[in-house]
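Below: one structure, written as structure tokens.
The values are calculated or read from the model by the stated rules, or taken from the named source; none is laboratory data. Here the structure is a predicted model, which means the values were calculated and not measured. Counting neighbours? That spans all protein chains shown, and the Cβs are built from the backbone with ideal geometry, glycine included.
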Amino acid sequence: MTYEQFPYRESEFEELSRIHALFEDPALGPTLDWTEVFGMDLRDAVRASFVLRAWVTHNSGRFDLALLEQANMQEVFHRAAPRVQIETLARTLTTTIDEAKASNAQVPTLPRHLQRYAFNPLTARPLLDLGDHGIWSPQTMLVDRALFPANLYYRGIAHWGNRFAEVLGARTEAYVGQQLRLIAGEDLHGEIEYRQGKDRQKSVDWIWVTPRAVILVECKSARLTLGARAGDASLPSLTDRYLTHARQQLDRTAALINARTPPFDQFPVDRPIVGVAVTSEPFYLGNSTLDEYGSASTIPSLVVSLRDLEYWVCMPAEEAVGTLLGILNDPERRTWALHQALGELRHLGRNPILDAAWREYDFIEQRDHRDRASMDPVTA
């Protein structure tokens, strides 16, 4: 039920901003050419998706191609997204009933009692061509969500295969480091390779040394399968592969630090060592004590999604560390998702990385001499 309901309760700003921040920012390393998938780069595809969603929302779900010829649409093409890009994306996101059925047939089926959680073809192609009856969006909120990172993952895998997974894994690790540096600065250390050759071994991806604790961070660009999200028999094996493995990596690095094993003897042992396992998508029950969510780590640790990380790093460094330690020391709160464990906090300001990414889509003219950066992205 969590995967059926929770994603639709989350703010869209983070997901839309993360499209550029995670998949296109050249600072994170090699990128892939998304024009091969959409016929345009991701930034233009997102802008076109804004137009498409607004279009179908204000037309009772109808995508009427005849409206492209109306005079008032010319301003939209000029200020928001060119007509050719809107039409191109619409074709990419349009399916027929027969195509939707064929797409559904390619996905592994769920047991009968889990059918309510089955794959919905409209999450990938939310516009439905009904022939003489026109093109419709049965659920308009799925239009721009078709480009959310979770859906881009499956498009990328379908187009590039393992190459996409490798690129995304490296970019996710770099992205986590980019977020952590907002508060860690020069106290953040990267991955350490301490054995080479056939016995090659590496530490966790990031090590943040603070006055109160040493925080170990392991990244996983992990996705649960549809069956695992529905809670079928595959869930324990997948969480073992992702969450248990991440926790074991946290424990190994902590043990190396405590044993003063070079080059880990550079890190202090006079303060707690705690861990954070960062996943690309939320594992909503990842911190629970349920057997289905993997073995616990020896050191205190939390499973944290990218979304939670993006919020946590908006706190001042000392407060962020103190809050994390407080959660880990609380037997109840450490079993919750981080955003729930943080509780009702004061406004922490905006994440500058997400804000910069959002401005890549900014097509609203400045009015009353306002700075675009100060505009509320939800309103924009």
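Please tell me if S280 is surrounded by 21 or more Cβ atoms within 10 Å (Cβ to Cβ), in contact with a Gly (Cβ under 6 Å, 6 or more places away or on another chain), closer than 26 Å to E173 by Cα and at pLDDT 90 or above. Answer is no for this residue. Counted as qualifying within segment 1-102 are the helices (runs of 4 or more DSSP H) with 1 or more residues that are hydrophobic (A, V, I, L, M, F, W, C) and in contact (Cβ under 8 Å) with a residue 12 or more places away in the chain, namely 12-23, 35-38, 42-57, 73-79, 83-92. Checking each residue in segment 233-285 for being over 30 Å from P7 (Cα atoms) and among the hydroxyl-bearing types (S, T, Y) picks out T253, T261.
Taken as a whole, segment 164-171 holds at least one residue that is among the aromatic types (F, W, Y), outside the structural domain of Y293 (by TED's automatic domain parsing) and touching a residue at least 12 places away in the same chain (Cβ under 8 Å).
In this structure, I327 does not satisfy being within 23 Å of D41 (Cβ to Cβ) and modelled with pLDDT of 65 or more. Whenever a residue of segment 232-251 is surrounded by 17 or more Cβ atoms within 10 Å (Cβ to Cβ) and hydrophobic (A, V, I, L, M, F, W, C), its partners that are modelled with pLDDT under 90 and part of a loop (DSSP other than H, G, I, E, B), lying with C-beta atoms within less than 7 angstrom and at least six residues away or across chains, give the pairs L238/L224; L238/T225.
Look at segment 105-121: where a residue is touching a residue at least 12 places away in the same chain (Cβ under 8 Å) and a partner is surrounded by 10 or more Cβ atoms within 10 Å (Cβ to Cβ) and among the acidic types (D, E), sitting 6+ places away or on another chain with Cβ atoms under 6 Å, you get Y117/E4. Flag not set for T140, criterion: of a type in the set (V, I, T), more than 26 Å from L22 (Cβ to Cβ) and part of a loop (DSSP other than H, G, I, E, B). Residues that are more than 22 Å from the chain's Cα centre (by Cα) and of a type outside the set (D, E) within segment 216-233 comprise just one, A233.
Taking the criterion of being farther than 18 Å from D205 by Cβ, out of contact with any helix residue (DSSP H, G or I) (no Cβ under 6 Å at 6 or more places or on another chain) and of a type outside the set (S, T, N, Q), the residues of segment 233-265 that qualify are A233, D240, A259, R260, P262, D265. Does T261 qualify as being of a type in the set (S, T, N, Q), over 26 Å from P121 (Cα atoms) and surrounded by 14 or more Cβ atoms within 10 Å (Cβ to Cβ)? So T261 fails the test. Return the residues of segment 113-156 that are touching a strand residue (DSSP E or B) at 6+ places or on another chain (Cβ under 7 Å) and basic (K, R); say none if nothing qualifies. Within segment 113-156, just R125 meets the criteria.
Conditions tested, residue by residue: (1) more than 17 Å from the chain's Cα centre (by Cα); (2) among the hydrophobic types (A, V, I, L, M, F, W, C).
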site	(1), (2)
W34	yes, yes
L42	no, yes
A48	yes, yes
V84	yes, yes
E87	yes, no
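As a summary of the residue check, G29 satisfies the conditions (1) surrounded by 15 or more Cβ atoms within 10 Å (Cβ to Cβ); (2) touching a helix residue (DSSP H, G or I) at 6+ places or on another chain (Cβ under 9 Å); (3) small (G, A, S) except for the one numbered (1). Total residues in segment 193-231 satisfying the condition of being out of contact with any Asp or Glu (no Cβ under 7 Å at 6 or more places or on another chain), within 17 Å of L324 (Cβ to Cβ) and surrounded by 19 or more Cβ atoms within 10 Å (Cβ to Cβ): the figure is 6.
Here R155 fulfils each of the conditions (1) closer than 20 Å to F23 by Cβ; (2) charged (D, E, K, R); (3) without any contact (Cβ under 8 Å) to a residue 40 or more places away in the chain apart from (3).
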